[in-house]
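Asker: Got a structure here, written out as structure tokens. Questions coming.
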Amino acid sequence: MSTASLAIRTENLTRRFGDFVAVDHLSLEVPAGQVLGYLGPNGSGKTTTIRMLLGLLHPSEGRAEVLGLDVATQPDAVRACTGYMSQKFALYGELTVLENLTFYAGVYGVKAMAPVREMLDGLGLSEVRNQRVDSLSTGWRQRLALAAAIIHRPGLLFLDEPTSGVDPVARRAFWDLIYELSAQGITILVSTHYMDEAEYCTSVGIMRAGKLLALDAPDRLKRALPGQVWEIRADPMLDALDFLEAQPFVLRAALAGDHLRVVTPNRFSADTLRAALAARAIGISSLAVGAPTMEDVFMTLSQGVEPES
Ligand code: ADP
Ligand code: MG
């Protein structure tokens with residue numbers, strides 16, 4: 001792929017803090033126009049990656065380009081064409097929505113009022129424009145933080161766990177905004193530790209302990225799951241879970257509502273699974289093949305099992 005059509009390209013991008021490797025030889029290519037989900041648990045290196053891509057943190061090794069710009073040598077140009085909503089976005093509680101947005105517009109050199117008004121309208125913030133930020137719910141504040149991050153109309157937007165700590169309704173509404181921005185042509189990298197949100201993305205990069213385990217469209221990741229998913233209703237359920245978790249042939253076992261989700265290697269038969277449980281005097285009321293979820297993919301890859309091509 002030519003560099004111009006790539007929004008992000010990294011080669012062995014690495015960041016160490018002392019002996020600790022926070023981001024470990026990350027190589028990825030993100031075509032322009034995508035909504036890339038950057039999925040991983042706390043501490044897996046998501047924020048560190050984003051900060052390097054923004055030119056805010058120097059890589060220890062490797063290189064990165066965003067929108068064709070080298071982050072190490074062109075940090076000012078990078079800053080001008082990227083937007084960033086950090087995990088702890090700074091809004092001024094004692095100022096109104098309008099005052100906050102006007103302030104951020106100034107920071108980015110946007111001097112006219114028209115873009116500020118358009119942004120308030122575009123993100124549905126006009127009705128709260130004169131309210132103090134500290135009187136607003138987290139959902140509204142996030143919306144304002146997003147407006148501030150894109151007031152200079154960047155081509156590439158980084159959202160670092162934007163929906164963390166927000167109720168499901170506000171989360172869904174925030175994702176609607178992400179789609180709207182994407183439809184306007186902005187490439188978006190959004191980090192999350194919510195597995196269900198990964199399903200909404202064009203492609204998903206899965207991080208664990210600083211390493212990129214896989215990067216592909218959610219459907220392809222699920223199809224390539226290196227294992228077979230089983231949905232099992234057993235009695236006693238927790239004995240079954242304990243037993244299965246300890247079996248070497250089980251890649252993943254977890255309680256999911258009223259049943260167990262178990263991942264075994266491919267070509268593992270239902271009969272083998274039934275026999276193993278029966279030998280433990282565990283009753284089975286149902287055992288069926290299940291469709292893989294992103295969580296199955298994540299948990300299985302996290303065990304060190306390679307995705308299938
Ligand atoms: P995530 O965003 O996925 O939660 P981070 O990128 O924030 O992960 O952090 C990855 C790891 O790097 C964590 O273990 C964190 O403690 C460590 N880390 C991040 N920043 C620093 C720093 N400035 N100094 C030392 N360690 C850091
Ligand atoms: Mg983080």
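Asker: Could you identify the single residue in LEU177, LEU157, LEU181, LEU189 that is within 14 Å of ligand 2 (Cβ to nearest atom) and assigned by TED's automatic domain parsing to the domain that holds THR82?
Answerer: Numbers: LEU177 fails: within 14 Å of ligand 2 (Cβ to nearest atom); LEU157 fails: within 14 Å of ligand 2 (Cβ to nearest atom); LEU181 fails: within 14 Å of ligand 2 (Cβ to nearest atom).
On inspection, the qualifying residue turns out to be LEU189.
Asker: Write out, first by first residue and then by second, each pair whose Cβ atoms fall under 6 Å of each other, whose residues are 6+ apart or on separate chains, and whose first residue, in the stretch 75-88, is under 13 Å from GLY109 (Cα atoms) while the second is aliphatic (A, V, I, L, M).
Answerer: Note: pairs meeting the criteria are CYS81/LEU67.
Asker: Which condition from (1) within 16 Å of ligand 2 (Cβ to nearest atom); (2) open to solvent by 60 Å² or more (accessible area, probe 1.4 Å) is the one that VAL23 breaks?
Answerer: (2)
Asker: Further, regarding this structure: May I ask you to list the residues in the stretch 209-229 that are within 16 Å of ligand 1 (Cβ to nearest atom) and either β-branched (Val, Ile, Thr) or within 12 Å of the chain's Cα centre (by Cα) (or both)?
Answerer: Listed by number, the list holds a single entry, LEU215.
Asker: Mind listing whichever residues of the stretch 54-91 are hydroxyl-bearing (Ser, Thr, Tyr) and at pLDDT 95 or above?
Answerer: Narrowing the stretch 54-91 to residues hydroxyl-bearing (Ser, Thr, Tyr): 60, 73, 82, 84, 86.
Listed by number, the residues that qualify are SER60, THR82, TYR84.
Asker: Which members of the stretch 234-282 meet the condition of being of a type in the set (Ser, Thr, Tyr) and over 17 Å from MET299 (Cα atoms)? Explain how you work it out, then say what you get.
Answerer: First, the residues of the stretch 234-282 that are of a type in the set (Ser, Thr, Tyr): 264, 269, 272.
If the condition is that a residue be of a type in the set (Ser, Thr, Tyr) and over 17 Å from MET299 (Cα atoms), then SER269, THR272 are the ones that fit.
Asker: Shifting gears a bit: Just checking, which of VAL297, VAL263, VAL204 is within 30 Å of VAL35 (Cα to Cα), assigned by TED's automatic domain parsing to the domain that holds ILE8, in contact with a Pro (Cβ under 9 Å, 6 or more places away or on another chain) and away from ligand 2 (no atom under 16 Å from the Cβ)? Before you say what the answer is, go through the steps one by one.
Answerer: Values: VAL297 fails: assigned by TED's automatic domain parsing to the domain that holds ILE8; VAL263 fails: assigned by TED's automatic domain parsing to the domain that holds ILE8.
Exactly one of VAL297, VAL263, VAL204 is within 30 Å of VAL35 (Cα to Cα), assigned by TED's automatic domain parsing to the domain that holds ILE8, in contact with a Pro (Cβ under 9 Å, 6 or more places away or on another chain) and away from ligand 2 (no atom under 16 Å from the Cβ), namely VAL204.
Asker: So LEU6 ticks every box in (1) open to solvent by 10 Å² or more (accessible area, probe 1.4 Å); (2) away from ligand 2 (no atom under 16 Å from the Cβ) but one. Which box is left unticked?
Answerer: Every condition holds for LEU6 apart from (1).
Asker: On to the next question. Consider ASN42 against the criteria (1) open to solvent by 40 Å² or more (accessible area, probe 1.4 Å); (2) under 24 Å from ILE186 (Cβ atoms): it satisfies all of them except one. Which criterion is unmet?
Answerer: (2)
Asker: Still on this model: Taking the condition within 27 Å of SER182 (Cα to Cα) and either open to solvent by 20 Å² or more (accessible area, probe 1.4 Å) or within 16 Å of ligand 2 (Cβ to nearest atom) (or both), does LEU53 pass?
Answerer: Details: within 27 Å of SER182 (Cα to Cα): yes; either open to solvent by 20 Å² or more (accessible area, probe 1.4 Å) or within 16 Å of ligand 2 (Cβ to nearest atom) (or both): yes.
Against the criterion (within 27 Å of SER182 (Cα to Cα) and either open to solvent by 20 Å² or more (accessible area, probe 1.4 Å) or within 16 Å of ligand 2 (Cβ to nearest atom) (or both)), LEU53 qualifies.
Asker: Looking for something of a type in the set (Asp, Glu), away from ligand 2 (no atom under 16 Å from the Cβ) and either open to solvent by less than 50 Å² (accessible area, probe 1.4 Å) or more than 20 Å from the chain's Cα centre (by Cα) (or both) - is there at least one such residue anywhere in the stretch 64-73?
Answerer: In the first step, residues of the stretch 64-73 are kept if they are of a type in the set (Asp, Glu); the result is 65, 70.
Narrowing the set further to residues that are away from ligand 2 (no atom under 16 Å from the Cβ) leaves 65, 70.
Retained after the next criterion (residues that are either open to solvent by less than 50 Å² (accessible area, probe 1.4 Å) or more than 20 Å from the chain's Cα centre (by Cα) (or both)): 65, 70.
The answer is yes, given that some residue of the stretch 64-73 is of a type in the set (Asp, Glu), away from ligand 2 (no atom under 16 Å from the Cβ) and either open to solvent by less than 50 Å² (accessible area, probe 1.4 Å) or more than 20 Å from the chain's Cα centre (by Cα) (or both).
The values are calculated or read from the model by the stated rules, or taken from the named source; none is laboratory data. Bear in mind the structure is a predicted one, so any value in this text is a computation, not a measurement. Note that each Cβ is placed from the backbone with ideal geometry, even for glycine, and that neighbours are counted across all protein chains shown. What goes into the accessible areas is simple: the full protein's heavy atoms, side chains included, and nothing from ligands, DNA or RNA. Shrake-Rupley method; radii C 1.70, N 1.55, O 1.52, S 1.80 Å.
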